[in-house]
Amino acid sequence: LYPEDPSYWRLEWEWLRATKRLVRSPNYKPQPDFQGEGRVYLGLELEVNIAQAVRAELAEIVSKSLGSRGYLKYDGTVSGFEIVTHPATYRWLLENFPWEILLELENRGADPKGAGIHVHVGRDAFSSTDHIHWWLIFVYTNKIEVIQLARRESQRYAAFRDEEENRLADFARGIRGADRYVAINTMNRETFEVRVFASSLNPQEVQAALGFVDATVEYTRTLSEQDVEGGALEWARFVEWVRSHGAYGPLVREI
């Protein structure tokens, strides 16, 4: 069945009705339930395509596995849903997210191709305007390496654009961008949204995406202008730092 076939849309509507209690609307925003102890809280959004025939069944399975740790949302850019977590620390997510559901989805024929992983990080995770600025500059300066790590380059959904790169100082001061479909979405009041990663049902790749956001925020936390002038924003320096911190094993392996 193809989208131009009326039967497709009838089945789509039936699926939405059947899973209304499990798969929320795109605008659903519950009260955040913060998990873990730390200063950097992350929110995972993992998009996945799922055939209509098994979509309702998998929504039930994934929702049950997530429990209070997250929820499912309908996303019009994929033929399935996205898995969303409540804000949590990187370590808490590694230890408590039900990673086995990714393998269950893969075994049931779910497909991450063409979808994305978005990682939100709270604006209050940053210690200063300079901290935000160095973090933004680091990601944009190393966009070639970031794209390789992210396993995709998407001009449609996660573009690295000169317009945004030229306004990083403004975004660091709290001015919000006008386009969410860029590498780092700055439109949200409470978070920055890192949109660069291709979706995946491989736990290590998803963990590496979370680790990258956490690690880059911590790496840039104490940088001074002198550090930056000395090359601290170079990718090799960051990789050296990450390798010296055992918590980022999945990220190191992906790098």
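In a reduced charge model with +1 at each Lys and Arg Cβ and -1 at each Asp and Glu Cβ, the chain shows a dipole moment near 640 debye about its Cα centre.
Within segment 49-123, the trypsin sites (Lys or Arg not before Pro) that combine a DSSP coil assignment with at most 12 other C-beta atoms in a 10 angstrom radius are Lys113.
Our summary gives the chain a relative contact order of 20 percent, counting only alpha carbon pairs under 8 angstrom and 6 or more residues apart. The aspartates and glutamates within cross-link reach of Lys29, meaning a Cα-to-Cα straight distance under 18 Å and a gap of 8 or more places when in the same chain, are Glu45, Glu47, Asp75, Glu82, Glu190, Glu193.
Can you classify segment 178-255 as rounded, prolate or oblate using the Cα gyration tensor, where a ≥ b ≥ c are the square roots of its eigenvalues, rounded means a/c under 1.5, and otherwise it's prolate if a/b beats b/c and oblate if not? Oblate, because a/c is 1.5 or more while a/b does not exceed b/c.
Dividing the summed -39500 (n - 2.57) terms of all DSSP H runs of n ≥ 4 by the residue count of the chain sets its mean residue ellipticity at 222 nm at -12500 deg cm²/dmol.
Of Trp241, Trp134, Trp99, the residue with the greatest mean-square motion in the GNM of the chain, using alpha carbon springs below 10 Å, is Trp241. Pick out, from Gln35, Val62, Val196, the residue whose Cα sits farthest towards the positive end of the charge dipole of the chain, with +1 on the Cβ of Lys and Arg and -1 on the Cβ of Asp and Glu. Going by the charge dipole, the pick is Val62. Rounded if a/c is under 1.5, else prolate if a/b is larger than b/c, else oblate: which is segment 89-134, with a ≥ b ≥ c the root eigenvalues of its Cα gyration tensor? It comes out oblate by the Cα gyration axes. DSSP beta bridges fully contained in the chain are about 85 percent antiparallel.
For the chain, find the longest principal axis of its Cα atoms and tell me its angle to the long axis of helix 52-66, 0 to 90°, nearest 10. It works out to around 50 degrees.
For the options Arg156, Arg237, Arg173, a Gaussian network treatment of the chain with springs between C-alpha atoms closer than 10 Å singles out Arg156 as fluctuating the most.
Bear in mind that the values in this text are calculations on the coordinates, not laboratory data. Just so you know, these numbers come straight off a predicted model, no measurement behind them. Please note: Cβ atoms are built from the backbone with ideal geometry, for glycine as well, and neighbour counts cover all protein chains shown.
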